[in-house]
1. In whole Hz, with x marking every Gly and Pro, tabulate ³J(HN,Hα) for the stretch 38-46 from phi via Karplus 6.51 cos²θ - 1.76 cosθ + 1.60, θ = phi - 60°.
2. How high is the FRET efficiency between residue 44 and residue 154 when r is their beta carbon distance and R₀ equals 35 Å, given to the nearest 0.05?
3. What longest range of the chain stays clear of loop-exposed GluC sites (Glu not before Pro) (DSSP non-H/G/I/E/B, at most 14 other C-beta within 10 angstrom)?
4. Would you grab the residues whose amide H sits under 5 Å from the one on residue 49? Only those 5+ places off in sequence or on another chain, please, with H modelled 1.01 Å from N.
5. Listed here are the pairs 102/177; 102/141; 78/161; 124/161; 106/136; which of them are more than 20 Å apart at the Cα?
6. Would you mind getting me the FRET efficiency between residue 31 and residue 74? Use the beta-carbon distance for r and R0 = 22 Å, nearest 0.05.
7. Determine the percent antiparallel among the DSSP beta bridges restricted to the stretch 34-197, to the nearest 5.
8. Please give the calculated 222 nm ellipticity per residue for the chain, where each DSSP H segment of at least 4 residues contributes -39500 (n - 2.57) and the sum is spread over every residue; nearest 500 deg cm²/dmol?
Amino acid sequence: MPRILGLIVLIGLGYLAYTHYGYRYYLSQVKSNADEQMVIGPRDASITIVAYLDYNAPSSKRIYTTLINLLTTDRDIKMVIRPVESENKISQLTTRLALAAKRQDKFMVVNNFFLTSQYEIDNKYIQGVMRTMGLKYDRLKTVMDSDAVTDEAVSYVREAKLLGIQSLPYFYIEHVKMPGARIYTQSELREVIERLRTRRL
């Protein structure tokens, strides 16, 4: 019995350690291994935002606009995009199309379209837009069904789960957790960033 209790305590302590510190190491790996196509802003910026977004969620579009505005006013910030699909079919379609477009060096073009479009996104609408971008939809469809794209899409879902993210959007400013369900003002975000720069967080 004492051994079982000891094991439970160790597991509990391990979980608490990860909750408070382990995820920071995991995030550092995400930042250092980020695909260049999925990064916005100067590569040598001192502050990194990692944003987990669902292309089919209005709240993800809203927070994306907020973060882009922040990057526009502060050239010492970069953002790593992590597209995470939900069980929604349009979410899965758009996520995998963006990852397929990455194979044609067009990830950010497609990413920006999905996160800034004011129209309801459906299959027919997507086909038309892909053509205007110079992307062949049939070819993209073939690539998006490939093992490589499937594995990448699944890896971002798994990554979000490992970080304990339960709902999207969600983003980190360095190691600071920023649940995306709420609406942030630019001044709130700048306050977090300035505190990070002065090492008060």
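Read the figures in this text as sums done on the coordinates, not as results from a lab. Note that this is a predicted model, so its numbers are computed, not measured. In this analysis, Cβ positions are derived from the backbone assuming ideal geometry, glycine residues included, and neighbour counts consider all displayed protein chains.
1. 9, 10, 10, x, x, 5, 9, 4, 7
2. Computed FRET efficiency for residue 44 and residue 154 comes out at 0.65.
3. That gives 1-86 as the longest site-free run.
4. Amide H neighbours of residue 49, under 5 Å, 5+ apart: 78, 79, 80, 174.
5. 102/177; 78/161; 124/161
6. With R0 = 22 Å, the Cβ-Cβ based efficiency is 0.80.
7. Around 60 percent of the beta bridges assigned by DSSP in the stretch 34-197 are antiparallel ones.
8. After summing the helix terms and dividing by residue count, I get -17500 deg cm²/dmol.
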